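The values are calculated or read from the model by the stated rules, or taken from the named source; none is laboratory data. Bear in mind that the values here come from a model prediction, so they are computed numbers and not experimental data. Glycine also receives a Cβ, built like all others from the backbone with ideal geometry; neighbour counts cover every protein chain displayed.
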Amino acid sequence: MRPLTAKSSAMEKLISTENRSSSHRVFNYGVPGSLTPIDQSLWAHPMLAFYLEPAPAEPVVVPAKLYLVPTPEYFGRDVEDYSDPEFLAQPSPLSELPEIQEWVTKFALSVVEIWGGRRSANQLARWCHRQVHQQLLVKSSTIKGAPKIRKIYISQPIEGVAETTVTLRIGERVRSLILRFEGVDKRWLCTELVLL
């Protein structure tokens with residue numbers, strides 16, 4: 001423990017009396033160990049700022065945008081083993097795709113004609129994914145009678161994707177045909193077909 005000097009004991013007395021009298025008063029001493037505070041009117045004079053407060057960084061806002069990743073040609077297999085990446089389907093912007101309402105109407109009518117036996121499923125091969133084409137072939141043999149289109153609902157969750165519900169009347173029953181179209185290579189490609 002170091003011995004108390006007159007200067008340090010006077011400083012401790014001043015600090016202890018200041019703490020007791022007013023805990024909110026601020027004193028600025030020019031030199032450490034000085035007993036005389038600097039006049040408050042001089043506090044505002046220009047000084048060097050050795051430690052600048054960092055400016056609040058504005059968060060970089062990256063818009064969250066969903067985008068289409070085309071359905072691979074071969075489900076359940078590694079696409080790179082079978083295809084050159086340059087020749088895989090490329091997503092197309094909406095401006096390069098045909099008008100969706102007209103396209104879905106024509107496609108749904110063609111599906112109904114295939115199931116009714118008035119059209120060959122190979123006519124839609126270019127506009128369907130391989131598995132959808134296989135489903136068309138299988139379903140055409142199981143559906144009895146020609147379905148009739150009642151209503152078509154189209155939803156576009158993201159650019160280049162159209163999800164469609166077609167209400168069909170097959171005999172005495174009302175059923176729904178679910179279709180998903182992806183805009184690739186400047187055309188709509190049916191990648192999902194489900195009859196509920």
**Request:** Filter the range 87-110 down to residues that are of a type in the set (D, E, K, R) and more than 23 Å from Thr165 (Cα to Cα), then give me how many there are.
**Result:** 1
**Asked** Residue check: is Arg119 among the basic types (Lys, Arg) and part of a loop (DSSP other than H, G, I, E, B)?
**Response** yes
**Request:** Kindly indicate whether Val104 is out of contact with any helix residue (DSSP H, G or I) (no Cβ under 9 Å at 6 or more places or on another chain), part of a helix (DSSP H, G or I) and modelled with pLDDT of 90 or more.
**Result:** yes
**Message:** Just checking, does the range 168-187 include any residue being surrounded by 18 or more Cβ atoms within 10 Å (Cβ to Cβ), under 35 Å from the mean Cα position of the chain (by Cα) and aromatic (Phe, Trp, Tyr)?
**Reply:** yes
**Item:** Selection count, the range 171-192, where residues are without any contact (Cβ under 8 Å) to a residue 24 or more places away in the chain and on the phi > 0 side of the Ramachandran plot
**Value:** 0
**Of the criteria (1) of a type in the set (Val, Ile, Thr); (2) part of a helix (DSSP H, G or I); (3) loosely packed, with under 14 Cβ neighbours inside 10 Å, which one Ile114 fails** = (3)
**Request:** Might you let me know whether the range 141-163 holds any residue that is of a type in the set (Ser, Thr, Tyr) and crowded, with 17+ Cβ neighbours inside 10 Å?
**Result:** no
**Prompt:** Any idea which of Glu53, Glu86, Glu73 is more than 27 Å from Ile152 (Cα to Cα), modelled with pLDDT under 75 and either touching a Lys or Arg at 6+ places or on another chain (Cβ under 9 Å) or surrounded by 10 or more Cβ atoms within 10 Å (Cβ to Cβ) (or both)?
**Reply:** Glu73
**Message:** Out of the residues in the range 122-140 meeting the condition of being outside any loop (DSSP other than H, G, I, E, B) and in contact with a Ser or Thr (Cβ under 9 Å, 6 or more places away or on another chain), tell me which one is farthest from Phe181 (Cα to Cα).
**Reply:** Gln123
